[in-house]
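Data block below; observations after.
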């Protein structure tokens, strides 16, 4: 079964997206050797089931606390997983740091620019198409609390593929 890891900082809407994607197949889990919880569920993607994991929030892949250690360990244990980086649209630069770290490690990535309504209310405009061209990964604006953008997000998961970081640098210049 394929695996999808939802990663991002705390309070960016990972759990809301998880709940919307997984529906009622929710399993509360505890990472071995810790007291930090994560949640697993499943969703249909085409003709197959995909396991979804709501990973504890982390700011980078250099852990500063127990939750971040669990997040990094889970990522390291799942080399073949696709990673959905959930980013607060009103604070994109914060989320992009970790996203680039994940991409550098060779993971297939899709970005959910969540909380687009909050960014709009703050008069923050993000060109998701341009960001997608620069990064070379699918980028979808969402408002998870209202279900906005989630169908497109799901439909684009299979487009996620590893990207060579050098290509990003070339895309920024061009």
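From the set of residues in the stretch 2-38 that are at pLDDT below 70 and not in a strand (DSSP E or B), which is farthest from residue 142 (Cα to Cα)? Can you show your working first?
Filtering the stretch 2-38 down to residues at pLDDT below 70 leaves 24-37.
Next, only the ones that are not in a strand (DSSP E or B) stay: 24-25, 31-36.
On the way: 24: 21, 25: 22, 31: 29, 32: 32, 33: 34, 34: 32, 35: 31, 36: 27 Å.
Only one residue fits best here, namely 33.
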Checklist entry - Residues in the stretch 136-148: is at least one under 13 Å from the mean Cα position of the chain (by Cα) and in contact (Cβ under 8 Å) with a residue 60 or more places away in the chain? => result yes
Next on the checklist: Taking the conditions exactly as written (buried (at least 20 other Cβ atoms within 10 Å of the Cβ) and either more than 21 Å from residue 142 (Cβ to Cβ) or at pLDDT below 90 (or both)), does residue 75 satisfy them or not?
Outcome noted: yes
Next on the checklist: So if I check each of 103, 115, which one is at pLDDT 95 or above and under 20 Å from residue 2 (Cβ atoms)?
Outcome noted: 103
Item to check | the stretch 135-150, residues that are surrounded by fewer than 17 Cβ atoms within 10 Å (Cβ to Cβ) and part of a helix (DSSP H, G or I) | outcome: 145, 146
Next on the checklist: Restricting to the stretch 78-91, and then to whatever is crowded, with 17+ Cβ neighbours inside 10 Å and assigned to a loop (DSSP other than H, G, I, E, B), can you tell me which residue is modelled with the lowest pLDDT?
Outcome noted: 78
Item to check | Residue in the stretch 155-174 that is in a strand (DSSP E or B) and at pLDDT 95 or above present | outcome: no
Item to check | the stretch 92-119: number of residues that are assigned to a helix (DSSP H, G or I) and in contact (Cβ under 8 Å) with a residue 12 or more places away in the chain | outcome: 15
Checklist entry - Somewhere in the stretch 147-155, is a residue in contact with a strand residue (DSSP E or B) (Cβ under 6 Å, 6 or more places away or on another chain) and under 23 Å from residue 60 (Cβ atoms)? => result no
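The values are calculated or read from the model by the stated rules, or taken from the named source; none is laboratory data. Values in this document were obtained by computation on a predicted structure and should not be read as measured data. All Cβ positions, glycine included, derive from the backbone under ideal geometry; neighbour counts span all protein chains shown.
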